[in-house]
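Please read the structure below before turning to the comments.
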Amino acid sequence: MARNIITGIDVGSYNVKVVIASTRQKNERGFPNIIGIGTSEAKGMRHGYVTNIHDVAESIKSAVKDAEEKAGLKVKKAFVSVGGIGLSSTLVSSVIMTSRADAEVTSLELEKLREQNEKDIPQSLIANRRIIYDIPIQYKIDGYPSLGSPLGLKGNKIELKSLYITCLDHHAADLISAINEAGIQVEDIMAAPIAASFVTLSKSQKVAGCVLANIGAETVSIAVFENNIPTSLEVFPIGSTDITNDIALGLKVPLEEAEQIKIGAITGSSYPRKKLEEIIAARLSDIFELIEAHLKKIGRNGLLPAGIIITGGGSGLNSIDDLARVSLRLPSRIGNIGLVEGKSSFKDATWSVAYGLTIWGMHADEGPEIDQSIEFFKKAWKSLIRWLKQFLP
């Protein structure tokens, strides 16, 4: 495949989405132009992780073939999102003393500090997990925040707070095996919420502080941003499928009909409208309670000026943004990506992860060479934060 062609593959619990983009032409935001998209039902997935590698591989093949036919080319490699309940993050702070007589902070000190930071991750939070990448949140010199890199500054004590994004080893390995079985080479992976943020959030939102919530079929993933970088990430084992199940039980209708009622495809007086609204609101309240509890845990509840931006398949539910606004006491809106393929325009934010992967891929050459094997999770991409700051809008 030509170097100016980039493919993003988002394997979710409900469906697989593939976006093929070209860097020859870019839109007004500087993003690659979409030349082909494909989707298929995701089989062999549960809560965002692989339960049957062969079934997932077949689903990927179908979505890739769909995108290939529209783009008129063959996909050989792709950037892939990793999500599901195996994805998590943890904040770690470490301190070291400077070694030079003049107390100047050198690159050697910074490397030692990062190594110490990784050693200080609690074993209970890293067991059976691999670091996908680490993001430096803040440096301090002798207790005072360093605005930007502390390299060249002078001080006796250097402190670093980093966000480590991790995934379960076997979940990641199974996903890569499924991609490979589908005949696709994995160029690299990225946490799905971070990939989605590239196209659903503006720089001003990320600087001021916001939370991006992706309501999927079986999971809800959130990523909190402040000062233009992610500061927290979490995934909850609940999603819009739970709303479908609640409707089926509450209205005593088949699951297929409950799904159509949920998305508004079936309307009329055959079911009590008020009861339906109560059922949906109750489950959404559960979701927002989980988000609120996480924001409270990291000390950001009610303190994110740009509020909550909602994406994913569940974002289309009626009045979901109003409920989020009341539940979280934050500004709320539905994410809109304005994705374009040829002459067609797509505002559906469920494509944000796959499209975000192509944006990431457009800048991948700026990073180091990666290990293409299934064991590449053993290596952390240490330069991610530099890369993020270089191209985020």
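The values are calculated or read from the model by the stated rules, or taken from the named source; none is laboratory data. Computed from a predicted model, the values in this text were never measured in an experiment. All Cβ positions, glycine included, derive from the backbone under ideal geometry; neighbour counts span all protein chains shown.
Of note:
- Filtering the range 133-143 to residues that are in a strand (DSSP E or B) and either closer than 22 Å to A101 by Cβ or in contact with a Phe, Trp or Tyr (Cβ under 7 Å, 6 or more places away or on another chain) (or both) leaves Y133, D134, Y139, K140, I141.
- Filtered residue count, the range 147-186, keeping only those that are at pLDDT below 90 and either assigned to a strand (DSSP E or B) or of a type in the set (V, I, T) (or both): 0
- Search result, residues across the range 207-251 that are polar (S, T, N, Q) and under 17 Å from N15 (Cα atoms): N214, T219, S221, S240, T241, T244
- Check on A78, assigned to a helix (DSSP H, G or I), buried (at least 20 other Cβ atoms within 10 Å of the Cβ) and at pLDDT 90 or above: no
- The listed residue being outside the structural domain of I238 (by TED's automatic domain parsing), in a loop (DSSP other than H, G, I, E, B), more than 20 Å from T200 (Cα to Cα) and more than 18 Å from the chain's Cα centre (by Cα), out of K61, K43, K70: K43
- Restricting the range 312-337 to residues that are in contact with a strand residue (DSSP E or B) (Cβ under 7 Å, 6 or more places away or on another chain) and either polar (S, T, N, Q) or over 24 Å from I243 (Cβ atoms) (or both), the residue that is modelled with the lowest pLDDT: S315
- Filtered residues of the range 1-21 (kept if touching a strand residue (DSSP E or B) at 6+ places or on another chain (Cβ under 8 Å) and of a type in the set (A, V, I, L, M)): M1, I5, I6, I9, V11, V16, V18, V19, I20, A21
- Tally of residues being more than 15 Å from the chain's Cα centre (by Cα) and either of a type in the set (S, T, N, Q) or under 17 Å from L212 (Cα atoms) (or both) across the range 152-188: 5
- Neighbours by Cβ (under 7 Å, 6+ apart or cross-chain): first from the range 120-149, surrounded by fewer than 13 Cβ atoms within 10 Å (Cβ to Cβ); second of a type in the set (A, V, I, L, M, F, W, C): N128/L168
- From the options A208, A191, residue that is under 30 Å from I135 (Cα atoms) and either more than 12 Å from the chain's Cα centre (by Cα) or without any contact (Cβ under 8 Å) to a residue 40 or more places away in the chain (or both): A208
- Applying a threshold of 9 Å to beta carbon distances and a minimum spacing of six or more residues, or different chains, the list of pairs starting in the range 304-332 at a residue that is within 17 Å of I279 (Cβ to Cβ) and ending at one that is at pLDDT below 95 and among the acidic types (D, E) reads G316/D348; N318/E277; S319/E277.
- Residue-level analysis places I6 among those that are within 17 Å of F198 (Cβ to Cβ) and touching a residue at least 40 places away in the same chain (Cβ under 8 Å).
- Single residue of S146, S93 found to be touching a Phe, Trp or Tyr at 6+ places or on another chain (Cβ under 9 Å) and among the small types (G, A, S): S146
- Residue selected from the range 18-54 under the condition more than 22 Å from E69 (Cβ to Cβ) and of a type in the set (D, E, K, R), by the criterion surrounded by the fewest Cβ atoms within 10 Å (Cβ to Cβ): E28
- Residue list for the range 100-118, filter: loosely packed, with under 11 Cβ neighbours inside 10 Å and either part of a loop (DSSP other than H, G, I, E, B) or at pLDDT 95 or above (or both): A101, D102
- Residue that is farthest from A78 (Cα to Cα), among those in the range 22-47 that are among the small types (G, A, S) and touching a strand residue (DSSP E or B) at 6+ places or on another chain (Cβ under 7 Å): G44
- Only one of L251, L212 that is buried (at least 24 other Cβ atoms within 10 Å of the Cβ) and in the same structural domain as N318 (by TED's automatic domain parsing): L212
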